[in-house]
Amino acid sequence: MKILVAVKRVVDYAVKIRVKPDKTGVDTQNVKMSMNPFCEIALEEALRIKEAGFAKEVVAVSIGPSQCVDTLRTGLAMGADRGIHVEASYSFLPLTIAKILKSLADVENPGLIFLGKQAIDDDCNQTGQMVAALLGWPQATFASKVVVLDKDKQSATVDREVDGGLETLSVDLPAVITTDLRLNQPRYATLPNIMKAKSKPIKKMTLEDLKVDTKSDIEIVEVTEPPKRKSGVIVSSVDELIDKLKNEAHVV
Amino acid sequence: ISTLILAEHESGSIKPQTVSTVVAANHLGESSSVSLLLAGSGSSLQEAASQAASCHPSVSEVLVADSYRFEYPLAEPWAKLVDFVRQQRDYSHILASSSSFGKNILPRVAALLDVSPVTDVVKILGSNEFIRPIYAGNALCRVRYTGAGPCVLTIRTTSFPVTPITESKKATISQIDLSKFKEDAVSRSRYVGQSTQDTERPDLGSARVVITGGRALKSVENFKMIEKLAEKLGGAVGATRAAVDAGYVPNDLQVGQTGKIVAPELYMAFGVSGAIQHLAGIKDSKVIVAVNKDADAPIFQVADYGLVGDLFEVIPELLEKLPEKK
């Protein structure tokens, strides 16, 4: 079985973002970029499934401008066997990304597609569900535990983090799984693996190759800063706190 | 404007987040009709449908899909169902709340319709213009939907509070004819089970008071202090990602970018440093109280009242001195 993992290059999670003064978006120039943390977890899980003997190959895919190759190299250094870079602009909507991934899946025929449940830039939480719909495959989103059963059964049992606790599903393969934070702790790429990754293949593809319709049905009107909370006060004792809550805020 | 809302219900009653979604639908424009779609099976479904019919005066119709296929909230049959209903009646908008249920199913629906959904809508500016948070709420993005198909939205319910309803009106209830509902030959996903935490406390997403603990609580045992305080104030218990990862409490109590978004009247954080991902989930709270040993903790920048101190001393004192809940 082959596993396809989609990895997105985003502003690093520790960076304090700045909204551009012209309100067209968030400043991504000269800002540290990294692999989306949820995608790292997705890749880690795919690697573990391969190491457990359930998969033969892990293929990492990144869609975006040329710098996405760096993200793919990180993935290859973690242990992915090869990369696919689909050259595209950053402004693609999740629906377009899903169509690109569907088109790749038609060529690659993976048994599983892993994605992070959301990217920490647009926070959309859509792509995995949409790829599953376009392929007509079952989906297991927000996974916190994945067990791939024996190869003959061709199914996976997945624990999902839902509002009321944990839900367990069993999905037949091929399937799409999106990963939540508690699924695993992604490994660090070691120096020898980083060196090795340099010789692993990354295939470049264009949208023309994949024949994907890139129409957009969402326009970004403006991006603004959220209203700031007014700064509060520091109280010196529990008594003062209770007094404020009672007589000033009227909440207890 | 005609809106279809994918409703959530549990043991015979409609969930509060669905009523908030109805409130949101009313912001889409004048003279909008709102249909609630309830799926499930058996008597608790019919009970929920009857309650849904009078849950909000703007609901004009309740559609009921009663079948074993909808016994569990599996995305595959449910997304197909929404598409099936949409083919029979035309809708301009399809909505669900931004719960784990809505976020699982609606993007799948949107892909079937070949439209882009808008997730986590916090403000509706018209029938096709919306505001949603990005970058963990550190920026707000105003988007316009320009597609030809139905506009698919998930609604952040804390942004659309339900005001008490005085008017009573009963919507019509119709059963959906599923004889032409085609499903893939064999069901390729199966529900195995769910582990839920039984709790007497109010729901985290809609509680008036939320008491949250961070990793500084140090153990499951110590976390019980947070629970006691919540009990005293009639509030819900929340936790940071660190506290959940450390195993002090189950995952469904996590508050933040990827957990629950809360907007209570009173939010009290104990031993919470205030990572941006956590702050994303509490920003709309009316009053934020922070107690932390570290005077430089970022949580103090958003707190209305901060107290620099040891939570192991502060909580017992609060338990002793706070008035009993009204």
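The values are calculated or read from the model by the stated rules, or taken from the named source; none is laboratory data. Just so it is clear, the model here is predicted, and its values are computed rather than measured. Backbone-built Cβ (ideal geometry, glycine too); neighbour counts: all protein chains shown. The accessibility values were calculated without ligands, DNA or RNA, using every heavy atom of the protein model including side chains. Shrake-Rupley method; radii C 1.70, N 1.55, O 1.52, S 1.80 Å.
Scanning segment A:107-127 for residues that are open to solvent by less than 10 Å² (accessible area, probe 1.4 Å), in a helix (DSSP H, G or I) and among the hydrophobic types (A, V, I, L, M, F, W, C) turns up nothing. Number of residues in segment B:21-34 that are open to solvent by less than 30 Å² (accessible area, probe 1.4 Å), within 16 Å of residue B:169 (Cβ to Cβ) and either touching a helix residue (DSSP H, G or I) at 6+ places or on another chain (Cβ under 9 Å) or not in a helix (DSSP H, G or I) (or both) equals 3. Answer yes or no as to whether residue B:287 is at pLDDT 95 or above, farther than 19 Å from residue B:135 by Cα and out of contact with any Asp or Glu (no Cβ under 6 Å at 6 or more places or on another chain). No.
Just one of the listed residues (A:97, A:63) is assigned to a strand (DSSP E or B) and out of contact with any Leu (no Cβ under 6 Å at 6 or more places or on another chain), namely A:63. Going by what's in this entry, would residue A:251 be described as facing chain B (nearest Cβ under 7 Å), open to solvent by less than 40 Å² (accessible area, probe 1.4 Å) and not hydroxyl-bearing (Ser, Thr, Tyr)? Yes; evaluated as a whole, the condition is true for this residue. Of the strands (runs of 3 or more DSSP E) lying entirely inside segment B:68-182, the ones with 2 or more residues being open to solvent by less than 10 Å² (accessible area, probe 1.4 Å), of a type in the set (Gly, Ala, Ser) and touching a strand residue (DSSP E or B) at 6+ places or on another chain (Cβ under 6 Å) are found at B:93-97. Comparison of B:261, B:276 shows that the only residue that is touching a residue at least 12 places away in the same chain (Cβ under 8 Å), open to solvent by 10 Å² or more (accessible area, probe 1.4 Å), within 21 Å of the chain's Cα centre (by Cα) and within 9 Å of chain A (Cβ to nearest Cβ) is B:276.
On inspection, residue A:176 does not qualify as assigned to a loop (DSSP other than H, G, I, E, B), under 30 Å from residue B:130 (Cβ atoms) and open to solvent by less than 40 Å² (accessible area, probe 1.4 Å).
The criterion of at least 2 residues that are touching a helix residue (DSSP H, G or I) at 6+ places or on another chain (Cβ under 7 Å) and modelled with pLDDT under 95 is met by none of the strands (runs of 3 or more DSSP E) falling completely within segment B:189-277.
Of all residue pairs spaced 6 or more apart or on separate chains, none has beta-carbon atoms under 9 Å together with a first member in segment A:146-162 that is modelled with pLDDT under 85 and a second member that is of a type in the set (Ser, Thr, Tyr) and part of a loop (DSSP other than H, G, I, E, B). Only residues that are over 15 Å from residue B:176 (Cα atoms) and surrounded by 23 or more Cβ atoms within 10 Å (Cβ to Cβ) were counted across segment B:35-47, and they come to 0. Quick check on residue A:102: is it among the basic types (Lys, Arg) and not in a loop (DSSP other than H, G, I, E, B)? Taking the combined requirement at face value, the residue satisfies it. Remark: pairs (first residue in segment B:293-320, within 7 Å of chain A (Cβ to nearest Cβ); second residue among the small types (Gly, Ala, Ser) and surrounded by fewer than 21 Cβ atoms within 10 Å (Cβ to Cβ); Cβ separation under 6 Å; 6+ apart in sequence or on different chains) = B:303/A:232; B:304/A:232; B:305/A:232; B:308/B:295.
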